[in-house]
Amino acid sequence: NMPSEESLFQKIKRMWKTSRESKKTNSILLYLTCLLISFFFWLFLSLNSETQKDLSIPFNLSSLPDSTTIISGLPKSIDVSVRDKGSSLLKFDLGNIPTFSLDFLEYFDGSGNLKVSSIDMLAKVRRLFSNTTTVVTVIPDSLNIKYTNLPGKKVPIVLNVDITPNFRYVINGEIKKEIDSVVVYSDKYTLEKIKSVSTEHIVESAVNDTLIRKVKFASIPGAKIIPGSMSITVPVEPLINKKQSVQVDVVNVPEGVNVITFPSVVDASFLVPQSMFYKSTPVKVIANYNDILYSSNNSNKVAVKIIEVPVGCKDISLAIDSVEYIIEKY
(Lines give C-alpha, C1' and ligand atoms only; values in the text may rest on other atoms or scores of the structure.)
Protein backbone atom coordinates (compact mmCIF):
# COMPACT_ATOMS: atom_id res chain seq x y z
CA ASN A 1 0.00 0.00 0.00
CA MET A 2 2.92 2.40 0.60
CA PRO A 3 3.70 2.88 -3.10
CA SER A 4 0.12 3.93 -3.91
CA GLU A 5 0.08 6.42 -0.99
CA GLU A 6 3.36 7.98 -2.19
CA SER A 7 2.02 8.22 -5.70
CA LEU A 8 -1.13 10.01 -4.50
CA PHE A 9 0.95 12.44 -2.44
CA GLN A 10 3.18 13.30 -5.39
CA LYS A 11 0.09 13.85 -7.55
CA ILE A 12 -1.41 16.30 -5.04
CA LYS A 13 1.95 18.11 -4.77
CA ARG A 14 2.19 18.43 -8.54
CA MET A 15 -1.36 19.83 -8.81
CA TRP A 16 -0.65 22.40 -6.09
CA LYS A 17 2.57 23.52 -7.82
CA THR A 18 0.83 23.83 -11.18
CA SER A 19 -1.93 25.93 -9.60
CA ARG A 20 0.61 28.23 -7.95
CA GLU A 21 2.57 28.72 -11.18
CA SER A 22 -0.67 29.42 -13.02
CA LYS A 23 -1.57 32.17 -10.56
CA LYS A 24 1.90 33.67 -10.93
CA THR A 25 1.60 33.60 -14.73
CA ASN A 26 -1.80 35.26 -14.57
CA SER A 27 -0.37 38.03 -12.37
CA ILE A 28 2.45 38.71 -14.84
CA LEU A 29 0.05 38.78 -17.78
CA LEU A 30 -2.23 41.19 -15.92
CA TYR A 31 0.71 43.48 -15.13
CA LEU A 32 1.90 43.50 -18.75
CA THR A 33 -1.62 44.21 -19.98
CA CYS A 34 -1.95 47.20 -17.66
CA LEU A 35 1.47 48.44 -18.73
CA LEU A 36 0.52 48.17 -22.42
CA ILE A 37 -2.76 50.02 -21.86
CA SER A 38 -0.90 52.80 -20.01
CA PHE A 39 1.61 53.10 -22.84
CA PHE A 40 -1.06 53.47 -25.51
CA PHE A 41 -2.93 55.98 -23.33
CA TRP A 42 0.27 58.03 -22.91
CA LEU A 43 1.00 57.77 -26.65
CA PHE A 44 -2.52 58.94 -27.49
CA LEU A 45 -2.20 61.98 -25.22
CA SER A 46 1.31 62.80 -26.54
CA LEU A 47 0.33 62.62 -30.19
CA ASN A 48 -2.69 64.86 -29.66
CA SER A 49 -1.04 67.49 -27.50
CA GLU A 50 0.99 70.41 -28.86
CA THR A 51 4.73 70.16 -28.37
CA GLN A 52 7.93 71.90 -29.44
CA LYS A 53 10.85 70.15 -31.16
CA ASP A 54 14.36 71.25 -32.13
CA LEU A 55 15.60 70.08 -35.52
CA SER A 56 18.91 70.30 -37.34
CA ILE A 57 18.07 70.61 -41.03
CA PRO A 58 20.77 69.78 -43.63
CA PHE A 59 21.85 72.75 -45.76
CA ASN A 60 22.36 72.42 -49.52
CA LEU A 61 23.68 75.10 -51.87
CA SER A 62 22.62 74.34 -55.44
CA SER A 63 23.54 75.79 -58.87
CA LEU A 64 27.09 76.67 -57.75
CA PRO A 65 29.25 77.32 -60.86
CA ASP A 66 32.44 75.25 -61.20
CA SER A 67 34.56 78.43 -61.31
CA THR A 68 33.14 79.71 -58.01
CA THR A 69 34.67 78.95 -54.61
CA ILE A 70 32.86 79.56 -51.34
CA ILE A 71 35.17 81.43 -48.93
CA SER A 72 33.13 81.68 -45.72
CA GLY A 73 29.69 81.82 -44.16
CA LEU A 74 28.39 78.51 -45.55
CA PRO A 75 26.56 76.60 -42.78
CA LYS A 76 26.46 72.81 -42.62
CA SER A 77 22.93 72.85 -41.23
CA ILE A 78 20.10 75.13 -40.12
CA ASP A 79 18.83 74.79 -36.53
CA VAL A 80 15.05 75.16 -36.41
CA SER A 81 12.61 74.99 -33.48
CA VAL A 82 9.02 74.12 -34.47
CA ARG A 83 5.72 73.66 -32.61
CA ASP A 84 2.85 71.37 -33.61
CA LYS A 85 0.83 68.36 -32.47
CA GLY A 86 2.90 65.33 -31.58
CA SER A 87 1.31 63.33 -34.41
CA SER A 88 2.56 65.90 -36.94
CA LEU A 89 6.09 65.94 -35.49
CA LEU A 90 6.37 62.16 -35.20
CA LYS A 91 7.75 61.83 -38.74
CA PHE A 92 10.84 63.82 -37.73
CA ASP A 93 11.63 61.28 -35.02
CA LEU A 94 11.51 58.63 -37.74
CA GLY A 95 14.23 60.43 -39.73
CA ASN A 96 12.02 62.22 -42.26
CA ILE A 97 13.80 65.59 -41.95
CA PRO A 98 13.61 68.11 -44.84
CA THR A 99 16.63 69.77 -46.47
CA PHE A 100 17.10 73.53 -46.65
CA SER A 101 18.11 74.13 -50.28
CA LEU A 102 19.41 77.50 -51.47
CA ASP A 103 19.84 78.41 -55.15
CA PHE A 104 23.14 80.26 -55.62
CA LEU A 105 22.00 81.93 -58.84
CA GLU A 106 18.93 83.35 -57.09
CA TYR A 107 20.83 85.25 -54.37
CA PHE A 108 24.41 86.02 -55.51
CA ASP A 109 25.20 89.71 -56.15
CA GLY A 110 28.07 89.30 -58.63
CA SER A 111 30.59 91.01 -56.34
CA GLY A 112 31.49 88.26 -53.91
CA ASN A 113 28.45 88.18 -51.62
CA LEU A 114 25.42 85.94 -51.36
CA LYS A 115 22.92 87.38 -48.88
CA VAL A 116 19.65 85.98 -47.57
CA SER A 117 17.61 88.28 -45.30
CA SER A 118 15.90 87.12 -42.12
CA ILE A 119 12.51 87.52 -43.82
CA ASP A 120 13.53 85.29 -46.73
CA MET A 121 15.11 82.74 -44.38
CA LEU A 122 11.93 82.46 -42.32
CA ALA A 123 9.76 82.19 -45.44
CA LYS A 124 11.95 79.44 -46.94
CA VAL A 125 11.96 77.46 -43.68
CA ARG A 126 8.17 77.73 -43.31
CA ARG A 127 7.71 76.20 -46.76
CA LEU A 128 9.49 73.06 -45.53
CA PHE A 129 6.71 72.27 -43.04
CA SER A 130 2.95 71.84 -43.09
CA ASN A 131 0.51 74.71 -42.56
CA THR A 132 -0.23 73.55 -39.00
CA THR A 133 3.43 73.78 -37.95
CA THR A 134 4.66 76.98 -36.31
CA VAL A 135 8.31 77.91 -36.83
CA VAL A 136 9.53 79.35 -33.53
CA THR A 137 13.21 80.06 -34.21
CA VAL A 138 15.69 79.79 -37.09
CA ILE A 139 19.46 79.81 -36.50
CA PRO A 140 21.15 81.42 -38.33
CA ASP A 141 18.29 83.82 -38.99
CA SER A 142 20.08 85.28 -42.06
CA LEU A 143 22.99 84.39 -44.35
CA ASN A 144 25.97 86.31 -45.69
CA ILE A 145 28.07 83.89 -47.73
CA LYS A 146 31.36 85.09 -49.25
CA TYR A 147 32.53 83.66 -52.58
CA THR A 148 35.08 84.34 -55.30
CA ASN A 149 35.45 83.59 -58.99
CA LEU A 150 39.22 84.16 -58.98
CA PRO A 151 41.64 81.22 -59.27
CA GLY A 152 43.51 80.25 -56.12
CA LYS A 153 47.01 81.38 -55.22
CA LYS A 154 49.62 78.77 -54.27
CA VAL A 155 51.73 79.84 -51.27
CA PRO A 156 54.31 78.08 -49.04
CA ILE A 157 53.59 76.82 -45.52
CA VAL A 158 55.34 78.21 -42.45
CA LEU A 159 55.45 76.05 -39.32
CA ASN A 160 54.56 77.71 -36.04
CA VAL A 161 55.50 74.97 -33.60
CA ASP A 162 57.21 74.88 -30.22
CA ILE A 163 58.25 71.27 -29.56
CA THR A 164 60.58 70.34 -26.70
CA PRO A 165 61.97 66.81 -26.37
CA ASN A 166 62.23 65.07 -23.03
CA PHE A 167 65.48 64.88 -21.06
CA ARG A 168 68.13 62.91 -22.98
CA TYR A 169 66.01 63.00 -26.14
CA VAL A 170 66.59 65.10 -29.23
CA ILE A 171 64.81 66.23 -32.39
CA ASN A 172 67.06 64.56 -34.96
CA GLY A 173 66.46 66.26 -38.29
CA GLU A 174 63.94 68.62 -39.82
CA ILE A 175 60.24 68.47 -39.07
CA LYS A 176 58.62 66.81 -42.07
CA LYS A 177 55.53 68.41 -43.59
CA GLU A 178 52.93 66.37 -45.43
CA ILE A 179 52.72 69.14 -48.06
CA ASP A 180 54.86 72.18 -48.79
CA SER A 181 52.17 74.56 -50.04
CA VAL A 182 48.45 75.32 -49.99
CA VAL A 183 46.03 77.14 -52.31
CA VAL A 184 44.36 80.30 -50.99
CA TYR A 185 41.12 81.70 -52.41
CA SER A 186 40.00 85.27 -51.82
CA ASP A 187 39.46 88.62 -53.52
CA LYS A 188 42.23 90.22 -55.55
CA TYR A 189 43.32 92.70 -52.87
CA THR A 190 43.60 90.04 -50.14
CA LEU A 191 45.44 87.56 -52.40
CA GLU A 192 48.09 90.17 -53.22
CA LYS A 193 48.94 90.56 -49.53
CA ILE A 194 49.19 86.83 -48.74
CA LYS A 195 52.75 85.53 -49.19
CA SER A 196 52.56 82.41 -47.00
CA VAL A 197 50.26 80.49 -44.69
CA SER A 198 51.16 79.63 -41.11
CA THR A 199 50.03 76.67 -39.07
CA GLU A 200 48.22 77.25 -35.81
CA HIS A 201 50.62 77.56 -32.87
CA ILE A 202 51.42 74.05 -31.63
CA VAL A 203 53.11 73.44 -28.26
CA GLU A 204 54.38 70.01 -27.17
CA SER A 205 56.74 69.34 -24.29
CA ALA A 206 58.58 66.32 -22.86
CA VAL A 207 58.28 64.44 -26.16
CA ASN A 208 60.01 61.06 -26.00
CA ASP A 209 59.09 59.47 -29.34
CA THR A 210 58.58 60.44 -32.97
CA LEU A 211 55.55 62.72 -33.00
CA ILE A 212 52.97 62.60 -35.81
CA ARG A 213 50.30 65.25 -35.49
CA LYS A 214 47.60 66.81 -37.65
CA VAL A 215 47.74 70.61 -37.57
CA LYS A 216 45.32 73.20 -38.87
CA PHE A 217 46.31 76.35 -40.68
CA ALA A 218 45.82 79.71 -39.02
CA SER A 219 42.72 81.32 -40.50
CA ILE A 220 43.04 84.41 -42.69
CA PRO A 221 40.06 86.82 -42.60
CA GLY A 222 38.25 86.86 -45.94
CA ALA A 223 40.19 83.90 -47.34
CA LYS A 224 39.79 80.13 -47.65
CA ILE A 225 42.75 77.75 -47.40
CA ILE A 226 42.68 74.40 -49.20
CA PRO A 227 43.44 71.97 -47.68
CA GLY A 228 42.58 73.17 -44.19
CA SER A 229 45.09 70.97 -42.37
CA MET A 230 48.08 68.68 -42.81
CA SER A 231 50.20 66.18 -40.90
CA ILE A 232 53.67 66.90 -39.54
CA THR A 233 56.27 64.38 -38.36
CA VAL A 234 58.78 65.35 -35.69
CA PRO A 235 61.70 62.84 -35.55
CA VAL A 236 62.46 62.43 -31.84
CA GLU A 237 65.12 59.93 -30.71
CA PRO A 238 66.81 58.99 -27.44
CA LEU A 239 70.38 60.16 -26.88
CA ILE A 240 72.94 57.46 -26.03
CA ASN A 241 76.58 57.64 -24.94
CA LYS A 242 79.31 57.27 -27.53
CA LYS A 243 83.08 57.37 -27.17
CA GLN A 244 85.68 57.67 -29.89
CA SER A 245 89.33 58.61 -30.37
CA VAL A 246 89.93 61.94 -32.08
CA GLN A 247 93.10 63.15 -33.84
CA VAL A 248 94.62 66.35 -32.37
CA ASP A 249 95.41 68.87 -35.11
CA VAL A 250 97.83 71.72 -34.37
CA VAL A 251 96.85 74.96 -36.10
CA ASN A 252 98.69 78.22 -36.88
CA VAL A 253 102.00 76.41 -37.23
CA PRO A 254 104.46 78.53 -39.31
CA GLU A 255 106.55 77.17 -42.14
CA GLY A 256 109.68 75.34 -41.10
CA VAL A 257 108.13 74.22 -37.83
CA ASN A 258 106.58 70.89 -36.91
CA VAL A 259 104.71 70.27 -33.65
CA ILE A 260 104.21 66.74 -32.36
CA THR A 261 101.70 66.13 -29.55
CA PHE A 262 101.72 63.34 -26.97
CA PRO A 263 99.29 61.74 -27.20
CA SER A 264 98.35 62.47 -30.80
CA VAL A 265 94.76 61.36 -30.22
CA VAL A 266 92.38 62.02 -27.34
CA ASP A 267 89.20 60.27 -26.26
CA ALA A 268 85.96 62.19 -26.78
CA SER A 269 82.70 61.29 -25.04
CA PHE A 270 79.31 62.64 -26.10
CA LEU A 271 75.59 61.91 -26.50
CA VAL A 272 74.41 61.00 -29.96
CA PRO A 273 70.95 60.19 -31.42
CA GLN A 274 70.37 56.44 -31.45
CA SER A 275 70.19 56.21 -35.25
CA MET A 276 73.63 57.85 -35.55
CA PHE A 277 75.49 55.56 -33.16
CA TYR A 278 77.05 53.38 -35.89
CA LYS A 279 77.47 56.24 -38.37
CA SER A 280 80.52 58.42 -38.81
CA THR A 281 80.54 61.22 -36.25
CA PRO A 282 83.52 63.43 -37.09
CA VAL A 283 84.77 65.56 -34.20
CA LYS A 284 87.53 68.13 -34.67
CA VAL A 285 89.98 68.79 -31.84
CA ILE A 286 92.83 71.30 -32.11
CA ALA A 287 95.83 72.62 -30.26
CA ASN A 288 96.83 76.19 -31.13
CA TYR A 289 100.52 76.93 -31.80
CA ASN A 290 99.92 80.53 -30.68
CA ASP A 291 99.05 79.20 -27.20
CA ILE A 292 102.54 77.70 -27.10
CA LEU A 293 104.21 80.77 -28.53
CA TYR A 294 102.61 83.26 -26.17
CA SER A 295 102.36 81.07 -23.10
CA SER A 296 103.38 82.81 -19.86
CA ASN A 297 104.53 79.62 -18.19
CA ASN A 298 107.24 77.14 -19.00
CA SER A 299 104.95 74.13 -19.18
CA ASN A 300 105.45 71.69 -22.00
CA LYS A 301 101.68 71.24 -22.31
CA VAL A 302 99.18 72.93 -24.56
CA ALA A 303 95.40 73.05 -24.21
CA VAL A 304 93.20 71.13 -26.62
CA LYS A 305 89.79 72.42 -27.74
CA ILE A 306 86.79 71.04 -29.57
CA ILE A 307 85.82 73.23 -32.51
CA GLU A 308 83.47 70.99 -34.54
CA VAL A 309 80.85 68.43 -33.50
CA PRO A 310 78.27 66.54 -35.57
CA VAL A 311 74.76 67.99 -35.76
CA GLY A 312 72.56 66.39 -33.11
CA CYS A 313 75.37 65.50 -30.71
CA LYS A 314 75.19 66.88 -27.18
CA ASP A 315 77.37 67.32 -24.07
CA ILE A 316 80.70 66.51 -25.70
CA SER A 317 83.77 66.35 -23.50
CA LEU A 318 87.40 65.23 -23.73
CA ALA A 319 89.14 62.78 -21.43
CA ILE A 320 92.04 65.26 -21.04
CA ASP A 321 92.21 69.03 -21.48
CA SER A 322 95.84 69.31 -22.62
CA VAL A 323 98.63 67.37 -24.30
CA GLU A 324 102.40 67.44 -24.17
CA TYR A 325 104.34 68.55 -27.23
CA ILE A 326 107.72 68.86 -28.85
CA ILE A 327 108.69 71.36 -31.53
CA GLU A 328 110.86 70.42 -34.50
CA LYS A 329 112.42 73.01 -36.80
CA TYR A 330 113.77 72.27 -40.24
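The values are calculated or read from the model by the stated rules, or taken from the named source; none is laboratory data. Predicted model, so just to flag it, every value in this text is computed and none were measured. Cβ sites come from the backbone with ideal geometry, for glycine too, and all protein chains shown count toward neighbours. Accessible surface is based on the protein model in full, side chains and every heavy atom, while ligands, DNA and RNA are left aside. Shrake-Rupley method; radii C 1.70, N 1.55, O 1.52, S 1.80 Å.
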Restricting to lysines and to Cα separations under 22 Å from residue 224, and discarding same-chain partners fewer than 8 apart, the set is 76, 115, 146, 153, 154, 177, 188, 193, 195, 214, 216
Quick check for me: using +1 on Lys/Arg Cβ and -1 on Asp/Glu Cβ, what's the dipole size of segment 138-228 about its Cα centre, in debye to the nearest 20? 260 debye
Checked segment 89-212 against the a/c 1.5 cut and the a/b vs b/c comparison, axes a ≥ b ≥ c from its Cα gyration tensor; verdict oblate
Suppose R0 equals 45 Å. What FRET efficiency, 1/(1 + (r/R0)^6) with r the Cβ-Cβ distance, do residue 101 and residue 36 give to the nearest 0.05? 0.60
Ordered by residue, what ³J(HN,Hα) values in Hz, to whole numbers, does segment 211-218 give under the Karplus form 6.51 cos²θ - 1.76 cosθ + 1.60, where θ = phi - 60° and Gly and Pro are x? 9, 10, 9, 8, 10, 8, 8, 5
Within 11 Å, Cβ to Cβ, of residue 62, how many net charges do the neighbouring residues add up to if Lys/Arg are +1 and Asp/Glu are -1? -2
In percent, how large is the relative contact order of segment 177-288, given Cα pairs closer than 8 Å and 6 or more residues apart? 25 percent
Got a number for the accessible area of residue 164? Probe 1.4 Å, square angstrom, nearest 10. 70 Å²
Rounded, prolate or oblate: which fits segment 235-330, taking a ≥ b ≥ c as square roots of the Cα gyration tensor eigenvalues, rounded meaning a/c under 1.5, else prolate when a/b beats b/c? prolate
For the pair residue 91 and residue 120, the simple spin-label estimate (label points 7 Å beyond Cα toward Cβ) gives in nm 2.7 nm
Residues meeting the amide H criterion for residue 55 (H placed from the backbone, H to H distance under 5 Å, 5 or more places apart or on another chain) are 80, 81, 82
Taking Rh as the Kirkwood radius computed over C-alpha pairs, what is the Stokes-Einstein D of the chain at 4 °C in a medium of viscosity 1.567 mPa s, expressed in µm² per second? 43 µm²/s
Mind jotting down the distance between the C-alpha centroids of segment 291-313 and segment 50-100, whole Å? 78 Å
Name the shape class, rounded, prolate or oblate, that the alpha-carbon gyration tensor gives for segment 126-281, where a ≥ b ≥ c are the square roots of its eigenvalues, rounded holds for a/c under 1.5, and otherwise prolate holds if a/b is larger than b/c and oblate otherwise. prolate
May I ask you to compute the full-extension gain from residue 180 to residue 218, defined as 0.36 nm times their residue separation minus their alpha-carbon distance, rounded to one decimal in nm? 12.2 nm
Residues of segment 169-189 with backbone nitrogen within less than 16 Å of a virtual label 7 Å along the Cα-to-Cβ line of residue 233, please, listed as ranges. 171-180
Would you work out the relative contact order for segment 234-301, in percent, from Cα pairs under 8 angstrom that are 6 or more residues apart? 44 percent
For the chain, what is the accessible area per residue in Å² when the probe is 1.4 Å? 65 Å²
Nonlocal amide H pairs with residue 208, under 5 Å, H built at 1.01 Å: 166
How large is ³J(HN,Hα) for each residue in segment 50-66, as worked out from phi by the Karplus curve 6.51 cos²θ - 1.76 cosθ + 1.60 (θ = phi - 60°), to whole Hz, x for Gly and Pro? 7, 9, 10, 9, 9, 10, 10, 9, x, 9, 9, 9, 9, 6, 7, x, 5
Could you name the aspartates and glutamates in cross-link range of residue 242, using Cα to Cα under 14 Å and dropping any fewer than eight places away on the same chain? 267, 315
Looking only at trypsin sites (Lys or Arg not before Pro) in DSSP loops with at most 15 other Cβ atoms within 10 Å, what is the longest site-free stretch of the chain? 196-278
With the dipole of the chain defined by +1 on each Lys or Arg Cβ and -1 on each Asp or Glu Cβ, the option from 307, 254, 197 whose Cα lies farthest towards the positive pole is 197
